[in-house]
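Take a look at the structure below.
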Amino acid sequence: MTNSILPIAPTEYDRSNEQRTRTDIDQRLGDIEQKLYQLQTIYGTVSLGQENLTLVNGANNNVSPGYATYVRIVGPTAAFSTTGFSQGDKGRLMIVRNTVAYDWTISNASGSSDAANRIITSTGSDVTLTGVSVGVFIYDSTDSNWVLVATQG
């Protein structure tokens, strides 16, 4: 009697576990979306985070604002400008508050920032906000830039 290794016949890959997992994930995402909607309906608010953004005097290019919706500018001790923000994502809304007493210039389509980080103002030119002020931006993924949609100050 000789020992021999018999070849194992190939079998087809069973995708049923993969399909069940995808179905479970889709169902859980639907549950999460429904619960978020219920929370917003019941409580009326959703907190999307707050971060401080330290800038410098003069030009601030390709600024990384983090992922909060409400961003507070701190740091400058003289007039400063912003030429663009990184971390743009389809439809991302960002409320930026200048908390220092110095003028903040929002540069329109400045070549000092990467193309996908640039800001487009509704005026077609730079916008200067005096002292403590607010700028509201939304990221337009079709045009690949930030759009200044509102200001105060």
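The values are calculated or read from the model by the stated rules, or taken from the named source; none is laboratory data. From a predicted model like this one, the values you see are computed outputs, not experimental measurements. Ideal geometry is used to build each Cβ from the backbone, glycine not excepted, and the neighbour counts take in all protein chains shown. SASA here: full protein model, heavy atoms, side chains in, ligands and nucleic acids out. Shrake-Rupley method; radii C 1.70, N 1.55, O 1.52, S 1.80 Å.
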For Gln152 and Glu18 in the same chain, what is the full-extension length gain: residue separation times 0.36 nm, less their Cα-Cα distance, in nm?
43.1 nm
Please give me the summed charge of the neighbours of Ala109: other residues whose Cβ is under 14 Å from its Cβ, Lys and Arg +1, Asp and Glu -1.
-3
Within the stretch 32-136, percent of DSSP bridges classed antiparallel, to nearest 5
35 percent
Could you order the peptides 113-122, 70-79 from most to least packed, using the average number of other C-beta atoms within 10 Å per residue?
113-122, 70-79
How much of the accessible area of the stretch 42-153, in percent, comes from carbon and sulfur atoms when a 1.4 Å probe is used?
49 percent
So, relative contact order of the stretch 19-153 in percent, Cα under 8 Å, 6 or more apart, is 19 percent
